[in-house]
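Colleague: Starting off with a structure, shown below.
None of the figures in this text is laboratory data; all of them are computed from the coordinates on show. Since we're looking at a predicted model, the values are computed, not measured. A quick note on method: Cβ atoms are made from the backbone with ideal geometry, for glycine too, and the neighbour counts reach across all protein chains shown.
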Amino acid sequence: MNIQNKVAIVTGGCSGLGLATAIMLSEQGAHVHVFDIQEKSEALERLHTVTYHQVDVTNEEHVRKAIDAIIIADKALHICINCAGIAPAAKVYGKSGVMSLDLFKKTIEINLIGTFNVLRLAIEKMVLNEAIDSQDKGIIINTASIAAFEGQIGQAAYAASKGGVASLALPLARDLARENIRVNTIAPGLFETPMMAGMPEKALKSLQNMPEYPKRLGLPEDYAFTVKYLIESTYVNAECIRLDAATRLPAK
Ligand SMILES: NC(=O)c1ccc[n+]([C@@H]2O[C@H](COP(=O)([O-])OP(=O)(O)OC[C@H]3O[C@@H](n4cnc5c(N)ncnc54)[C@H](O)[C@@H]3O)[C@@H](O)[C@H]2O)c1
C-alpha cells in the first residue's frame, strides 16, 4: 500500500511510539487521526497536519463517534495502527498480598480489548474501500511486546494482554483475506518513550545493556520505520515482528 493520501488512525498517538508513527505517516502524505485518552500533547499540537480525537479505546461509543467523524472529513479509512497501552507492574503474589483483579482486568481491557475494539470498527469502514486488482483495501498493525513471549517478574497481566494481541494477527488475517485487508503485529523490545521515563536510573541502566546489537534502547523512529515497511510491503501478512536488537528478557 502506498501511504500518500491514505487515511490513518493511530491510537496512543499523543506520546512515544504512536506519536513517532503519526509524524511518519503525516510526512508520507497520509491524513492522520490520533485517538488518545490524554489531552492533546504539546508535541501533537505542533503537528498541524494531524487531527486529534479524545478517545478511550475501550469505549465503543467514543471510537464509533471518532471513526464517523473521520469518514465525514476524509471519506474513507485505510490504515489502523494500535499503539495505545499501559504497562503496570505487579507480582501475582508479593509483599502486599495477591494481585488485585481490577489491575489485571484493566490491563487486558486497555491493551487487548481496546485494540480489538478499534480495529473491528475500523474494518467496518475499510471493507467499503475499492480494491483495484489485488491491492490492499486496508491494513491493521497492532503493538504487542517481547513480554508476550518472555514476560518478566511482575509482568503477568501485561504479558497476558500482549500475548493476546500477538495471537490476534493470524485469525484476523484469515477472516479478512477475502476483503484484501492485512493484519500484522510489532513486538517491541525496550524503547525510549515516556512509558520508560518513570523508571529508576539503576533499572534503566540495566535495561540499556540488554539489547545485543545495536547496544541501545529502541527509538520511537525505529518503530515508525517498521510501520512504514509493513504498510508498503503487501506480501507481509499475519506476521509478528520482534523489534528488539536481539534482546531476550530474563526473569528480572
Ligand atoms: N516503550 C517500550 O519499551 C515498549 C515496549 C514494548 C511494547 N510497548 C507498547 O507500545 C505501545 C506504545 O507504548 P509507548 O512506549 O509509546 O507508551 P506511551 O505511554 O508513551 O504511550 C501510550 C499512549 O497510549 C495512551 N493511552 C493509554 N490508555 C489509553 C486508552 N484507554 N485510550 C486511548 N489512549 C490510551 C496514552 O495516553 C499514551 O499517549 C504500548 O502498547 C506499549 O505496551 C512499548
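Colleague: Taking N as the number of residues in the chain, what is its alpha-carbon radius of gyration divided by 2.2 N^0.38 Å? Mind showing how you got there, number by number?
Modeller: Numbers: Rg = 17.7 Å, N = 252, 2.2 N^0.38 = 18.0 Å.
Ratio of Cα Rg to 2.2 N^0.38 Å: 0.98.
Colleague: Another question, then. Provide the gained length on full extension for the span SER167 to ASN59, in nm with one decimal, where the gain is 0.36 nm per separating residue minus the Cα-Cα distance. List each step's numbers first, then the result.
Modeller: Numbers: separation 108, 0.36 × 108 = 38.88 nm, distance 2.21 nm.
Once the chain is fully extended between SER167 and ASN59, it gains 36.7 nm.
Colleague: Let me ask something additional. Given points 7 Å out from each Cα along the Cα-Cβ axis, report the MET196 to LYS228 separation in nanometres with one decimal.
Modeller: About 2.0 nm separates the two model spin labels.
Colleague: Right, something else. Subtract the Cα-Cα distance of TYR213 and THR49 from 0.36 nm times their separation in residues, and report this length gain in nm to one decimal.
Modeller: Details: separation 164, 0.36 × 164 = 59.04 nm, distance 3.52 nm.
That works out to 55.5 nm of additional length.
Colleague: Treating the beta-carbon of each Lys and Arg as +1 and of each Asp and Glu as -1, no other charges, what is the dipole magnitude of the chain about its Cα centre, to the nearest 20 debye?
Modeller: So the dipole magnitude of the chain works out to roughly 720 debye.
Colleague: Residue farthest toward the positive end of the dipole of the range 7-241, with Cβ of Lys/Arg at +1 and Asp/Glu at -1: which of SER100, ALA173, THR185?
Modeller: Of the listed residues, the answer is SER100.
Colleague: What distance in nm separates the two pseudo spin-label positions at ALA203 and VAL236, each 7 Å out from Cα along the beta-carbon direction?
Modeller: The two pseudo-label positions are separated by 3.1 nm.
Colleague: Percent relative contact order of the chain, based on C-alpha pairs within less than 8 angstrom and at least six residues apart? Could you put the intermediate results ahead of the total?
Modeller: On the way: 500 pairs, mean separation 51.5, N = 252.
Reported as a whole number, the value is 20 percent.
Colleague: Go through the range 51-65 residue by residue and turn each phi into a ³J(HN,Hα) via Karplus (6.51, -1.76, 1.60, θ = phi - 60°); whole Hz please, and just put x for glycine and proline.
Modeller: For the range 51-65, the Karplus curve yields 9, 9, 10, 7, 9, 8, 4, 7, 9, 4, 4, 4, 5, 4, 4 Hz.
Colleague: In addition: How far apart, in nm, are the 7 Å Cα→Cβ label points at ASN2 and ALA73?
Modeller: 2.4 nm
Colleague: Give the calculated FRET efficiency between GLN135 and ALA246 to the nearest 0.05, with a Förster radius of 30 Å applied to their Cβ-Cβ distance. Mind showing how you got there, number by number?
Modeller: Numbers: r = 35 Å, r/R0 = 1.16.
With R0 = 30 Å, the Cβ-Cβ based efficiency is 0.30.
Colleague: Applying the Karplus parametrisation 6.51 cos²θ - 1.76 cosθ + 1.60 with θ = phi - 60° to the phi angles of the range 95-107, what ³J(HN,Hα) value in whole Hz is obtained for each residue in order, glycine and proline being reported as x?
Modeller: 3J(HN,Hα) across the range 95-107, in whole Hz: 4, 9, x, 7, 4, 6, 5, 4, 5, 4, 4, 4, 5.
Colleague: If you don't mind, there's one more thing I want to ask. How long is the gain from GLU42 to ILE153 if the chain were fully straight, where each residue apart is worth 0.36 nm and the alpha carbon distance is subtracted?
Modeller: Values: separation 111, 0.36 × 111 = 39.96 nm, distance 3.43 nm.
Result for the pair: 36.5 nm of gain on full extension.
Colleague: Using just the helices of the chain, give the 222 nm mean residue ellipticity in deg cm²/dmol: DSSP H runs with n ≥ 4 each add -39,500 (n - 2.57), and the total is spread over all residues, rounded to 500. Show your work: numbers first, answer last.
Modeller: Numbers: 9 runs with 97 residues, N = 252.
Calculated mean residue ellipticity at 222 nm is -11500 deg cm²/dmol.
Colleague: Give the distance, in whole Å, between the Cα centre of the range 107-144 and the Cα centre of the range 28-96.
Modeller: Measuring centre to centre over Cα atoms gives 13 Å.
Colleague: Helix 156-175 versus the longest principal axis of the chain: what angle, 0 to 90°, nearest 10, using Cα atoms?
Modeller: Orientation of helix 156-175: about 30 degrees from the principal axis.
Colleague: Restricting to DSSP loop positions (anything but H, G, I, E, B) with no more than 14 other Cβ atoms inside 10 Å of their own Cβ, which GluC sites (Glu not before Pro) remain in the range 152-243? Walk me through the numbers before you get to the answer.
Modeller: Working: sites: GLU179, GLU192, GLU201, GLU212, GLU221, GLU232, GLU239; in loops: GLU192, GLU212, GLU239.
Taking the range 152-243 and a limit of 14 other Cβ atoms within 10 Å, the loop GluC sites (Glu not before Pro) found are GLU212.
Colleague: Sort 68-75, 48-55 for me by packing, meaning the mean count of neighbouring Cβ atoms within 10 Å per residue, highest on top.
Modeller: 48-55, 68-75
Colleague: Quick one: angle between helix 114-126 and the longest Cα principal axis of the chain, in degrees between 0 and 90, rounded to 10, please.
Modeller: The two axes meet at around 10 degrees.
Colleague: Let me ask something additional. Under 8 Å for C-alpha pairs, at least 6 residues apart: give me the relative contact order for the range 115-240, rounded to a whole percent. All intermediate terms of the calculation are to be shown ahead of the outcome.
Modeller: Working: 154 pairs, mean separation 33.4, N = 126.
It comes to 27 percent, rounded to a whole number.
Colleague: Another question about this same structure. Run the numbers on the range 56-126 and let me know its relative contact order in percent, using alpha-carbon pairs under 8 Å that are six or more apart. The partial results should precede the final answer.
Modeller: On the way: 55 pairs, mean separation 35.7, N = 71.
Relative contact order here is 50 percent.
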